[in-house]
Amino acid sequence: MVYVSNVARLINKRLVAKQYNVSIQTLEKHLPPDYTADPKYRFYNGNHMESHLYEGIEATDFYDKLENVLSTQASAFKVNVALGYELVSKTDPDDTRYFYPNLANTYVFNKPVAINSKADIREKIISEIRSMELADKLNYPSSGYQLKVITAFKIFIYHRDHALGDSKAVIPKIIRENKHVINFPKTNNKCVFHCIAWHTFQSAKKDPRRIQAQVKEAFKRYCSFKGIKYTLSLFRSFKPIDLLQLNEVEDCFQLGINVYSMDVASGNVECIRRSDKGYEAMDILSHENHALYIKSIDMLQSKYQCPKCEMIFVSGERLKNYKKNQCELVNIESFPAEPTIYKPAPNVIRSLLTKYSIKDANQYIDYFIVYDFEAILKLTATQHGENTVFTNEHIPVSVSVADSLTDEVRCFVNDDPKMLLTDMFKYIGDVSVKIQQYNVKKYKSLLQKIINAHGLTGMEIPGVNLGRTYKMCDVVSWIEEGKYASFFDFQLSLGFGKQRSDYGKLKQQLDQVPVFGFNSGRYDINLIKKNLFPVINTDNIKSVIKNPSYMCIATSDMKMLDITNYIPAGTSYDKYLTTYLGGCKCDDKIRCVCGLGKGLFPFEYNTAFNVLNQTGIPPKSAFDSKLRETSITGDDYERVKFVWDYYEMKSIKDLLIWYNNLDVVPFIKAIKAQRELFMRFELDMFADGGSLPGLSEKVMYQTCFNNLQYPDKKPANAFQFPAKRMAGYKSQDAKTKRKFGMTLEHLNTLLQKQKYLCGLCYCQLTADTASADRINNNLGHIDGNILVSCVKCNTARKDMSLKGFRYKKLLEFNSDRLVYSIDKEEKDIYTKMKANIAEGPSIIFSRYAKRNETKIRGGKVCKKIIGYDANALYLWALGNEMPCGRLTTVEAYDGIIDDIKADEVFGS
């Protein structure tokens, strides 16, 4: 059986002719006319772009015509589609408006999609458009209009020069000296065949520079496959192979060819073409139209995975440092060179709003997403070790997702965990775009002000001159020209390296949508971890692991967090909702539909996916838990029967969806209420801390820095500014060619106004310590540009602003009330403190203990199980006096213990 999408292609004609045992000439007589002969078709051709217009077509013909046009392209390209459509008024059926198909009116994709293989046509274009609601892609003049019909579409194809075969390309050192890449010299446009020859015929002793015979064999095989006669002149004059032609190369050599590119500046490796063939994979690196062979793509991408927790490291050395049993990375320790007052990092958005004087927005990211998984408990009864039996395997079967922007809830159910995650993250991706659009709109004035202040270069903006700096006027012109559909479209296209500018820092905050789960770091993430990273399919994943829990998993577009990191340990979901929402207030708990009532589901009864298809209410015994040795009450079972009838459930699957959704709808309301608590301290729970301790630390330091004590500004004794200093100031300005215009009268007036105090640290001045400090160091000593300060402050301030230096001196004045970072001179303190941090005593003898049954200590029967946990110990400690100032080492001496007991050492 043969399936082809476009019989116009020669290779497909051969397949069909072979299938029906006819000649190609006979087949061509029975083929329909070419799409270019369609009377509804118009073709426009330019130097770098072509467009294909279809008007007056049926919706059913759309996908066939689109695929026919794209399949006939001979080289790699980018594509976008514009729709022509007619709108009708919701109140007046005679009021219609037609919109011509162009990118200014409507575009299917936010930006042109790169097509690097034939498989991309179906995967990136056809399948994507089929999954879209095209009515949502259209522009409407007002909410009073609705779509009547889509009657036309225009395909915009942008030509690209991406052929592999330029042997004259200059390969940079970062690639040339990489031991995981082989660069074949003097390939004469046949670098792809060199890669194939090396991959096919390589041996341990083979020199990659001496495989010319194997390259010729590979080329002859390709000629035979194409039906071309091999000649030496053809071999020598062969043209480079375009990315789109690699499909034929794959079929010829039975290889799946994946193509990667490397950012020379950052070293990041990105896949630009992934084969969909089931053949053996071969990886090549494309640089400046030259193909290089990749020996190990994992090594090239610097991916070194821990075999235990699957955490990925960027180097083999870091993986070695990762302790196998504890899964704890040994960090490289560094210390400040000088004593420094410690202050937590400020909120990025708030700092930028202040820096650029933006008043129309606050620092809070308004919207977020929540999710919750449910699993079936597949029976296993697997023995693990001498004393452990795994009775069930948890397999994810459903996930509910809700967001605070639209308040919509979606529940996905699938027996394939990977497909379940695919559906989930596709939906999260769609919702994230809406939240990102809102974020960009909210901070648009700040974003545009940063662009006008500093500009963006070709390093951030794709496809422009690297040597220029671009401002908002350029962005506006690009949008008007149709290069970008909107400012949000422009924002999406930008890329930033590790050294982020103000714009890059802000973009990261706006792009990363918070995605919350409850106890997700410990349960949900570990439940889906096997398929999570392949489904996310991104190279820039960052995770924070606090074994066995994931505190955070972040990509460029989302940040997965666990709300249990923001609440006291051991808090249940029911207790969390009760704390922030007050719990269910319904008098009749059985017939409660407020969304805060109790949810019930027979987890241990649901041991296989087909159980969800059962159409009757599960029996009361199905809700029993062998693990907890509990049964539901009669009222609980009556509630199950009520919700079954109330929501018109048809199967246990409907009960699962109801139960799953019940976990996310109130979750959003509770998070909103919890955020309000931290907003009282001007803290954003999503951005200012990854956990409750992190936010508590910022609250604690806020208290310190908001209650600073100011020096006593008691006036000093009056004196006249020394006249002999004037010559020195005049000489300074003469040497630096600055204007001098300072008078003694002005200095004495300033001294009187400042009450003979330093204008920076407010210490009392004398004739020996007073100095004339220039406010603006670019100007000379002139009246109006002078502040009288002490000599120490004058020499220490340098180019720092008056406000910044005064704050620095204020912190120094309060240093005995603030905390210092451990500096390099006292780094031994860190080692001593770390070595003396011990965990609490553990009294756990086994994973499961039962009174009068479990045996401990040589066979003795356990009579009582009791445990104590001082949950408020940290809060109690923080409520007491804390050590402040710079930590220093005191050498031991006779009697030091007595002095410590007498409180004569600390705080002195």
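The values are calculated or read from the model by the stated rules, or taken from the named source; none is laboratory data. This one's a predicted model, so the numbers in the text were calculated from it and none came from an experiment. Quick reminder, even Gly has a Cβ in these numbers, built from the backbone with ideal geometry, and neighbours come from all protein chains shown.
Would you say Val22 is assigned to a loop (DSSP other than H, G, I, E, B), over 21 Å from Leu103 (Cβ atoms) and modelled with pLDDT under 80?
Numbers: assigned to a loop (DSSP other than H, G, I, E, B): yes; over 21 Å from Leu103 (Cβ atoms): yes; modelled with pLDDT under 80: yes.
Judged against the criteria, Val22 is a match.
Has the stretch 153-164 got at least one residue that is in contact with a strand residue (DSSP E or B) (Cβ under 6 Å, 6 or more places away or on another chain), more than 30 Å from Ser286 (Cβ to Cβ), surrounded by 15 or more Cβ atoms within 10 Å (Cβ to Cβ) and not assigned by TED's automatic domain parsing to the domain that holds Lys190? Within the stretch 153-164 (the criterion being in contact with a strand residue (DSSP E or B) (Cβ under 6 Å, 6 or more places away or on another chain), more than 30 Å from Ser286 (Cβ to Cβ), surrounded by 15 or more Cβ atoms within 10 Å (Cβ to Cβ) and not assigned by TED's automatic domain parsing to the domain that holds Lys190), the answer is yes, since at least one residue qualifies. Taking residues in the stretch 550-568 that are over 14 Å from Leu695 (Cβ atoms) and free of Cβ contacts under 8 Å to residues at least 40 places away in the same chain, and partners anywhere that are of a type in the set (Gly, Ala, Ser) and part of a helix (DSSP H, G or I), the pairs with Cβ atoms closer than 7 Å and at least 6 places apart or on different chains are Tyr550/Gly521.
Give the residue, chosen from Asp283, Asp251, that is acidic (Asp, Glu), at pLDDT 75 or above, exposed (fewer than 14 other Cβ atoms within 10 Å of the Cβ) and touching a Phe, Trp or Tyr at 6+ places or on another chain (Cβ under 9 Å). Write out each step before concluding.
On the way: Asp283 fails: exposed (fewer than 14 other Cβ atoms within 10 Å of the Cβ).
Going through Asp283, Asp251 in turn, the sole match is Asp251.
Could you please give the count of residues in the stretch 683-697 that are aliphatic (A, V, I, L, M) and more than 17 Å from Val513 (Cβ to Cβ)? Residues in the stretch 683-697 being aliphatic (A, V, I, L, M) and more than 17 Å from Val513 (Cβ to Cβ): 3 in total. Summed over the stretch 734-770, residues that are within 12 Å of Ile786 (Cβ to Cβ) and surrounded by 12 or more Cβ atoms within 10 Å (Cβ to Cβ) total 14.
Which of the residues spanning the stretch 184-229 are in a loop (DSSP other than H, G, I, E, B), modelled with pLDDT under 80 and out of contact with any strand residue (DSSP E or B) (no Cβ under 7 Å at 6 or more places or on another chain)? Working first, answer last.
So in the stretch 184-229, the residues in a loop (DSSP other than H, G, I, E, B) come out as 184-190, 202-211, 227-229.
Narrowing further to those that are modelled with pLDDT under 80: 185-186, 202-210.
Scanning the stretch 184-229 gives Pro185, Lys186, Gln202, Ser203, Ala204, Lys205, Lys206, Asp207, Arg209, Arg210.
Is it the case that Gly429 is assigned to a loop (DSSP other than H, G, I, E, B), small (Gly, Ala, Ser) and under 24 Å from the mean Cα position of the chain (by Cα)? For Gly429, the condition - assigned to a loop (DSSP other than H, G, I, E, B), small (Gly, Ala, Ser) and under 24 Å from the mean Cα position of the chain (by Cα) - is not met.
For the condition in contact (Cβ under 8 Å) with a residue 12 or more places away in the chain and over 30 Å from Lys755 (Cβ atoms), what is the one hit in Gln720, Gln702, Gln709? Answer to the selection: Gln702. The strands (runs of 3 or more DSSP E) found entirely in the stretch 234-303 that carry 1 or more residues being hydroxyl-bearing (Ser, Thr, Tyr) are 255-262, 280-287, 290-294.
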